[in-house]
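Visitor: Take this structure, written in structure tokens, and hold onto it; I'll ask about it next.
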Amino acid sequence: MYVVSYSEARNHLKRLCDQIRRSRIPARIKRRGGDVVIVAAEDWEAIEETLHIQSIPGAVERIKGADDFKELDELSREALEDLISDQA
């Protein structure tokens with residue numbers, strides 16, 4: 001995680017945002033009254049989704065114990081359609 005002062009973040013906000021988006025490494029902005037963190041929007045959305053799934057009782061255990069998961073090799077369109085129709 002990058003750590004920058006409030007003044008540095010303010011003076012170089014565009015560069016900081018570009019760096020965060022490019023590297024996918026969050027930045028902690030140190031300031032009086034409490035620090036804040038900037039993350040790429042895609043990373044924040046992934047964090048929110050993970051937290052949501054973890055909030056559902058039993059969801060993590062069901063995901064970890066999914067024995068119906070099949071590792072797939074490259075499939076033809078026909079084979080994929082057959083697989084989908086078998087699930088219906």
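Visitor: Report every pair of residues separated by at least 6 positions or lying on different chains whose Cβ atoms are under 9 Å apart, first residue within the stretch 1-16 and under 19 Å from Asp43 (Cα atoms), second surrounded by 12 or more Cβ atoms within 10 Å (Cβ to Cβ) and polar (S, T, N, Q).
Guide: Tyr2/Gln19
Visitor: Just one of the numbered conditions (1) surrounded by 10 or more Cβ atoms within 10 Å (Cβ to Cβ); (2) under 30 Å from Asp86 (Cα atoms) is not true of Ile29; which one?
Guide: Of the numbered conditions (1) surrounded by 10 or more Cβ atoms within 10 Å (Cβ to Cβ); (2) under 30 Å from Asp86 (Cα atoms), the odd one out for Ile29 is (2).
Visitor: Being touching a strand residue (DSSP E or B) at 6+ places or on another chain (Cβ under 8 Å) and either in a helix (DSSP H, G or I) or not small (Gly, Ala, Ser) (or both) is the filter here; which residues of the stretch 13-31 pass it?
Guide: Matches in the stretch 13-31: Leu16, Cys17, Gln19, Ile20, Ile25, Pro26, Arg28, Ile29, Lys30, Arg31.
Visitor: Please go through the stretch 32-58 and pick out each residue that is among the charged types (D, E, K, R), surrounded by fewer than 11 Cβ atoms within 10 Å (Cβ to Cβ) and in a loop (DSSP other than H, G, I, E, B).
Guide: Selection gives Arg32 alone.
Laboratory data are not the source of any read-out in this text; all were calculated from the coordinates shown. Here the structure is a predicted model, which is why all the values come from computation and not from measurement. Here Cβ is always computed from backbone atoms with ideal geometry, including for glycine, and neighbour counts include all displayed protein chains.
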